[in-house]
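In what follows, a structure is listed as structure tokens, so that the remarks can point back to it.
The values are calculated or read from the model by the stated rules, or taken from the named source; none is laboratory data. As the structure is a computational prediction, the values presented were derived from the model and not from experiment. When we count neighbours, we look across all protein chains shown, and the Cβ atoms used for this are built from the backbone with ideal geometry, even at glycine. The area values use the complete protein model at the heavy-atom level, side chains included, leaving out ligands, DNA and RNA. Shrake-Rupley method; radii C 1.70, N 1.55, O 1.52, S 1.80 Å.
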Amino acid sequence: MSVLVMKFGGTSVANIDRIRRAAKRVGLEVAKGHDVIVIVSAMAGKTNELVGWVNEISPLHDAREYDAVVSSGENVTAGLMALVLQEMEIPARSWQGWQVPLLTNSAHSAARIEEIPTDNITAKFAEGMRVAVVAGFQGLSPEGRITTLGRGGSDTTAVAFAAAFDAVRCDIYTDVDGVYTTDPRIASRARKLDRIAFEEMLELASLGAKVLQTRSVELAMRYNVRLRVLSSFEEPSDEAGTLVCAEEDIMESNVVSGIAYSRDEAKMTLVSVADRPGIAAAIFGPLAEAGVNVDMIIQNIAEEGRTDMTFSCPTDQVKRAEKALSDARAAGAINYHDLIADTDVAKVSAVGIGMRSQSGVAAKMFKTLSDEGINIKVIATSEIKISVLIDRKYMELAVQALHDAFGLDKAA
Ligand code: ASP
Ligand code: MG
């Protein structure tokens, strides 16, 4: 029997009507002969409400009770979905994480999946059950407590089930109809991609395209799970959505697949630090300990034994970074003349696996920005990505210009 995993996000199960609509999709797949594992999120807005209640009682709450409360939204939608399917005369039942059991470690509110034994659900399929509706986002710790996988974690539940059951595909139903070449709200000519490679999706996900939890893409890549992102509001079709898949499964693609951006970047410059062995470690060690996610780094040429060091981090971590650095200075670990935070910057990135085999992408990117009169403040590259920091007021312009320059409105 072939197993298909279908995951429905919060907007797709936001009320009974929508649960019925999602169940119809499940029915279509059952009719094709699949045994289906449905992973559900909580109704849209529910998890935020639960988190709010917990924080209202205590910001320093017991993480185990946080998980007990916050995981409950998914229990409701799992039961409701099973009921709707039963009304449609499809043999279905719900499973909470502990019943499967989906085993995790003990890292409450950010637990990692350790194992999903398949025997319980497989036995039910053998008895004639056609749909297992599983509450996403939750699992069971070795101590026997309920855990959650971090916000957006039901994507990861879905991919983990697809891997464990060797599913033919993992369909992620959401409120957008796929992955786009860039944000359509910024570039009206943004185009939906038919396929995108795991690695590109990872870059785009961490760059702010919020369609999939990053960990779910990592997991899909590791286990080669074919992952499809599609809208539950569009008519069903085999071509719908975007397939996130291995590079080998993509015949033709543009050199650049997408332009990502992030508004919430800050550029921090340490002015005149001593240029000596160990200085980078002395700066970035304390930042790491303070939980600052440093992204780009540049060290300038030294003059008379002193240099400037610039790095970028999320805007909401600027205060933390400033404190970590001034503490390190007070402790005598580093010394610098000044620390300048520029919070009016944005990061724009071009992403594409084609960059590995084609040169000139960076040059084209810089030329495009220069033609628009946009100054580049920091540059960082990886094998499949080029990122620049620019003034935030030019962000939209940069995204549009790069989208045009790399011809992303047309398929390869
Ligand atoms: N309901 C959880 C959240 O909002 C998990 C999920 O929907 O993926 O984060
Ligand atoms: Mg989500």
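Brief remarks on what is shown
- Cβ-Cβ distances below 7 Å connect the following pairs, each with a first residue in region 129-140 that is among the polar types (S, T, N, Q), a second residue that is within 16 Å of ligand 2 (Cβ to nearest atom) and assigned to a strand (DSSP E or B), and a separation of six or more residues or different chains: 138/148.
- Pair list, Cβ under 6 Å, 6 or more apart: region 34-52 residue touching a residue at least 24 places away in the same chain (Cβ under 8 Å), other residue within 13 Å of ligand 2 (Cβ to nearest atom) and part of a strand (DSSP E or B): 39/7; 40/8
- Some residue of region 111-131 being closer than 30 Å to residue 59 by Cα and in contact with a helix residue (DSSP H, G or I) (Cβ under 7 Å, 6 or more places away or on another chain): yes
- Options 332, 373: the member that is within 25 Å of residue 190 (Cβ to Cβ) and assigned to a loop (DSSP other than H, G, I, E, B): 373
- Residue check: residue 63 meets all listed conditions (1) without any contact (Cβ under 8 Å) to a residue 60 or more places away in the chain; (2) closer than 14 Å to residue 136 by Cβ; (3) in contact with a Ser or Thr (Cβ under 6 Å, 6 or more places away or on another chain) but one, namely (2).
- Which numbered condition residue 86 misses (of (1) outside any loop (DSSP other than H, G, I, E, B); (2) polar (S, T, N, Q); (3) within 16 Å of ligand 1 (Cβ to nearest atom); (4) open to solvent by 30 Å² or more (accessible area, probe 1.4 Å)): (3)
- Evaluation of residue 262 against (1) over 21 Å from residue 378 (Cβ atoms); (2) within 31 Å of the chain's Cα centre (by Cα); (3) crowded, with 19+ Cβ neighbours inside 10 Å (one fails), failing number: (1)
- Note on region 50-78: among residues that are crowded, with 17+ Cβ neighbours inside 10 Å and among the hydroxyl-bearing types (Ser, Thr, Tyr), the one that is farthest from residue 107 (Cα to Cα) is 77.
- Members of region 203-222 found to be more than 16 Å from ligand 1 (Cβ to nearest atom) and modelled with pLDDT under 90, listed by number: 203, 204, 206, 207, 208
- Being within 29 Å of residue 358 (Cβ to Cβ), modelled with pLDDT under 95 and out of contact with any Pro (no Cβ under 6 Å at 6 or more places or on another chain) is true of residue 252.
- Residue that is surrounded by the most Cβ atoms within 10 Å (Cβ to Cβ), among those in region 141-157 that are assigned to a loop (DSSP other than H, G, I, E, B) and within 14 Å of ligand 1 (Cβ to nearest atom): 149
- Selection within region 6-49 - within 16 Å of ligand 2 (Cβ to nearest atom), farther than 11 Å from residue 136 by Cβ and open to solvent by less than 10 Å² (accessible area, probe 1.4 Å): 6, 12, 22
- When region 181-222 is filtered for residues that are assigned to a loop (DSSP other than H, G, I, E, B) and under 18 Å from residue 112 (Cα atoms), the ones remaining, listed by number, are 212, 213.
- Condition broken by residue 249, with the remaining ones in (1) out of contact with any strand residue (DSSP E or B) (no Cβ under 6 Å at 6 or more places or on another chain); (2) closer than 26 Å to residue 401 by Cβ satisfied: (2)
- Odd one out for residue 93, checked against (1) away from ligand 2 (no atom under 16 Å from the Cβ); (2) in a loop (DSSP other than H, G, I, E, B): (2)
- Screening the candidates 341, 363 for the property of being open to solvent by 30 Å² or more (accessible area, probe 1.4 Å) and assigned to a helix (DSSP H, G or I) yields one hit, 363.
- Criterion (closer than 18 Å to residue 124 by Cα and part of a helix (DSSP H, G or I)) met by exactly one of 26, 36, 5: 26
- Some residue of region 181-190 being of a type in the set (Lys, Arg), closer than 22 Å to residue 295 by Cβ and either open to solvent by 10 Å² or more (accessible area, probe 1.4 Å) or out of contact with any helix residue (DSSP H, G or I) (no Cβ under 9 Å at 6 or more places or on another chain) (or both): no
- Checked against the criterion of being more than 16 Å from ligand 1 (Cβ to nearest atom) and either open to solvent by less than 60 Å² (accessible area, probe 1.4 Å) or of a type in the set (Phe, Trp, Tyr) (or both), the candidates 194, 177 yield just one match: 177.
- Residue tally, condition touching a Phe, Trp or Tyr at 6+ places or on another chain (Cβ under 7 Å) and either more than 10 Å from ligand 1 (Cβ to nearest atom) or in a loop (DSSP other than H, G, I, E, B) (or both), over region 39-50: 1
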